[in-house]
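Everything on this sheet refers to the single structure shown next.
The values are calculated or read from the model by the stated rules, or taken from the named source; none is laboratory data. Just so you know, these numbers come straight off a predicted model, no measurement behind them. So basically every Cβ, Gly included, is an ideal-geometry build from the backbone, and we count neighbours across all protein chains shown.
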Amino acid sequence: MQKFRAGFAVFYVIAFLLLSVTVLRAAPQDASFVGSWAMTVTGGEDGGQGGGGGNRGGGGGAQSLTITQDGDKFKVSHKTRRGENAYDATVSGNTISWTEERPGRDGNTRKVQFKATLTGDTLKGTMGAGQFNREFTAKRSAQAN
């Protein structure tokens, strides 16, 4: 009888360990956003009108993103021909989002919201403020050794 109980105990321990490994493998992991990204902005739904069309703001020229992580906090540094600024970002699964503050033509500050999904080494997303809306793609830059 004691041998029988020991056999069941071993069976339950092994079953528990296998179940634990399965659960840990199935748990979603945050995607790896950290790194440097070459960004391309494409036309928006508004045909380039309304605060970012042409070469005035969101489109045109080389842009880059550098995403860093410190613990559970993410930061996006966005470099455009106008300069470089860093913003706090939120990551959930394979999605990252952040809000940038930019000077408007009227002298007031406007908020531009960014949201992108990571697939492999590509970020694909949207940026927008009010009627201004554009899509962007960012490709992960090769790591320097």
Would you check which residues across region 64-90 are among the polar types (S, T, N, Q) and either surrounded by fewer than 14 Cβ atoms within 10 Å (Cβ to Cβ) or in contact with a Lys or Arg (Cβ under 6 Å, 6 or more places away or on another chain) (or both) and list them?
Ser64, Thr68, Asn85, Thr90
Look through region 102-114, keep the residues that are surrounded by fewer than 11 Cβ atoms within 10 Å (Cβ to Cβ) and without any contact (Cβ under 8 Å) to a residue 12 or more places away in the chain, and return whichever of them is nearest to the chain's Cα centre (by Cα).
Thr109
Would a scan of region 119-132 turn up a residue that is of a type in the set (Val, Ile, Thr), touching a residue at least 40 places away in the same chain (Cβ under 8 Å) and on the phi < 0 side of the Ramachandran plot?
no
Of the residues in region 32-54 that are within 12 Å of Asp121 (Cβ to Cβ) and polar (S, T, N, Q), the one that is modelled with the lowest pLDDT is Ser32
